[in-house]
1. Output the number of residues of segment 109-145 satisfying the condition of being farther than 19 Å from Arg159 by Cα and either part of a strand (DSSP E or B) or hydroxyl-bearing (Ser, Thr, Tyr) (or both).
2. Assess whether Ser56 counts as being in contact (Cβ under 8 Å) with a residue 24 or more places away in the chain, within 25 Å of Phe157 (Cα to Cα), surrounded by 14 or more Cβ atoms within 10 Å (Cβ to Cβ) and among the small types (Gly, Ala, Ser).
3. Looking only at residues in segment 165-184 that are assigned to a loop (DSSP other than H, G, I, E, B) and not small (Gly, Ala, Ser), which one is nearest to Lys4 (Cα to Cα)?
4. Output the residues belonging to segment 257-276 that are outside any strand (DSSP E or B) and among the aliphatic types (A, V, I, L, M).
5. Given the options Arg90, Arg80, name the one that is part of a strand (DSSP E or B), charged (D, E, K, R) and surrounded by 14 or more Cβ atoms within 10 Å (Cβ to Cβ).
6. With Lys278, Lys239 as the choices, which residue is touching a residue at least 40 places away in the same chain (Cβ under 8 Å) and either closer than 30 Å to Glu183 by Cβ or loosely packed, with under 11 Cβ neighbours inside 10 Å (or both)?
7. All but one of (1) modelled with pLDDT of 90 or more; (2) out of contact with any strand residue (DSSP E or B) (no Cβ under 7 Å at 6 or more places or on another chain) hold for Asp190; state the number of the condition that does not hold.
8. For segment 185-204, which positions are surrounded by 16 or more Cβ atoms within 10 Å (Cβ to Cβ) and outside any loop (DSSP other than H, G, I, E, B)?
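The values are calculated or read from the model by the stated rules, or taken from the named source; none is laboratory data. Just so it is clear, the structure is predicted and the values come from calculations on it, not from any experiment. Heads up, the Cβs are rebuilt from the backbone with ideal geometry, glycines too, and the neighbour counts pull from every protein chain shown.
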Amino acid sequence: MSIKVVKSRGKSKIVSIRVNYRKDLNQAEPYRPLLRSIKQNPARNNQGRVTVRSRSGPSHRRLYRIVDFSRLDRKNVPGRVESIEYDPNRTAFIMLVVYRDGERRYHLAPAGVKVDDEVIMSESAGLKPGNRLSLKNILPGTEVCEVEMTPAGKGKFGRSAGSKITIMGFDEKYCLLKMPSAEVRKVSKDCYATIGSVSNQDHRNVRIGKAGRNRWLGRRPHVRGSAMNTRDHPYGGGKGKMGLGRRKLKTRSGKVTAGHRTRHRKKPSSRLIVRRRK
């Protein structure tokens, strides 16, 4: 496993678990033409009002990497993986690919892809990690990622670290996909997908270890509702610790959240769901 354990020097015995990036990545500077500086205004709407609690801007300045999730205009053009890099804006690693015509682009790096490997988007591409081809040309049981939702779009399913989608079979003009959440849904056969699972599979083993690392990520302290005053939260008030009793679960604004479904019933893509997630 490419993780490292960092123990505290103090008496608190705090242990943090981190990904050993030196083992998985080559220490290369990011490709500057594909970097953008984005103004960050987290947790606020277009009027500047806070809409999400316990969020703030990250304490470290970070540049956005322009990642190509479709590769539509790079069809049948082979490329070579020049470097595999860390992206501060996502959990997965990204790979810098230089194509035969000299153009460079960032793509999501599947697990198992190494520097100097050749990747291509083609109907006749081999079933090896990093290649991208349409679902109708992939065998059932194959693990894929970065799957399009509609043909000629960009990859939207399976983009976080360690995600993998399994092809269950085919039904007329659709392909049956088993999502990481165990949901089974239909997607057009003409949609493209990348072979393999997403890199950085050890991300789920990360242990933050201290509150300061959460502040680096832009997460402010979160206070329990039962520890607030009555005017600040529906759970607030009372003497000492009080259970919820028969009260319904609510948000700070009083919206009931006791296990009801949040997905809209008339969402167009709902008809393509064969089996919902648990």
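1. Residues in segment 109-145 being farther than 19 Å from Arg159 by Cα and either part of a strand (DSSP E or B) or hydroxyl-bearing (Ser, Thr, Tyr) (or both): 3 in total.
2. Working: in contact (Cβ under 8 Å) with a residue 24 or more places away in the chain: yes; within 25 Å of Phe157 (Cα to Cα): no; surrounded by 14 or more Cβ atoms within 10 Å (Cβ to Cβ): yes; among the small types (Gly, Ala, Ser): yes.
Considered against the rule, which asks whether it is in contact (Cβ under 8 Å) with a residue 24 or more places away in the chain, within 25 Å of Phe157 (Cα to Cα), surrounded by 14 or more Cβ atoms within 10 Å (Cβ to Cβ) and among the small types (Gly, Ala, Ser), Ser56 comes out as no.
3. Pro180
4. Within segment 257-276, Ala258, Leu272 qualify.
5. Arg80
6. Lys278
7. (2)
8. Going through segment 185-204, the residues surrounded by 16 or more Cβ atoms within 10 Å (Cβ to Cβ) turn out to be 185-189, 191-203.
Listed by number, the residues that qualify are Arg185, Lys186, Val187, Ser188, Tyr192, Ala193, Thr194, Ile195, Val198, Gln201, Asp202, His203.
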